[in-house]
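Okay, so here's the structure we're looking at.
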Amino acid sequence: MSDALTTPTGLESQYATQLAADLERNATEQERIGTEVQSLQEQLRALQHDRELLLKMQQLLDNGAVGSVRKAEAARARVPAPREPAPRTKRTVRKKAAAAVKAKPQPKPKPSEGPTLIELVRTHLGQQSEPRSAAEVTTALTQGHPERTIKTTVVRTTLEKLVAKGQAQRTRQKNSVFYSTPDTTEQAEKSDDGAAAAEKPESKD
């Protein structure tokens, strides 16, 4: 009889297992909630700390604004009233005008420009007794005017312009082109004719 009472039945074993599981679940839940509470408390402390800092900053800003207003009022009180400008006299106006004229930089006079390239080329051809090539004219002008930059292509173009205007003549000898003034060409032709006549033998009667 006593053995029957002390031996646990299947129902009691089931209750014991359920109670153990509930106890474990309760402990786990307490641990989870405790962790959340601790985290919330830390967040609360951080928020409280931030609030204290914000309140201090606000107080400093308020004090600074009030101080700036007071300083501005004090400075305004110390500044005297502006004086009325004295009327300008004619002498003052004249002095200022003269000073402005002196201060204004005067334009530098431009250096006197020499003869143009076409004038140099025409003059050089007129001084020659024989036709000259563009390279020869360029060399002579460069030596006579070292301060100027003279190129053969530009000289050739200038010579062709003189030819177009009738102020120069172009002659071709083999593969070279020579230029001269009309007077020089006529003199060269006359000298050639005279030389030919001198070389012609006299006819015998």
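Read-outs throughout are calculated quantities, based only on the coordinates presented, and are distinct from any laboratory measurement. For clarity, every value in this text was computed on a predicted model and none was experimentally measured. Heads up, the Cβs are rebuilt from the backbone with ideal geometry, glycines too, and the neighbour counts pull from every protein chain shown.
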- Note on the structure: Scalar couplings 3J(HN,Hα) for segment 132-144 by Karplus 6.51 cos²θ - 1.76 cosθ + 1.60 (θ = phi - 60°), nearest whole Hz, x for Gly and Pro, are 10, 7, 4, 5, 5, 5, 4, 4, 5, 5, 5, 5, x
- Which value in nm describes the separation of the simple spin-label points at Arg170 and Ile118, placed 7 Å from the Cα toward the beta carbon? 1.6 nm
- Amide H within-cut-off set for Gln169, under 5 Å, with H built and near neighbours excluded: Ser180, Thr181
- Message: Need the full-extension length gain, Ala135 to Tyr15, defined as separation in residues times 0.36 nm minus the C-alpha distance. One decimal, nm.
- Response: 30.4 nm
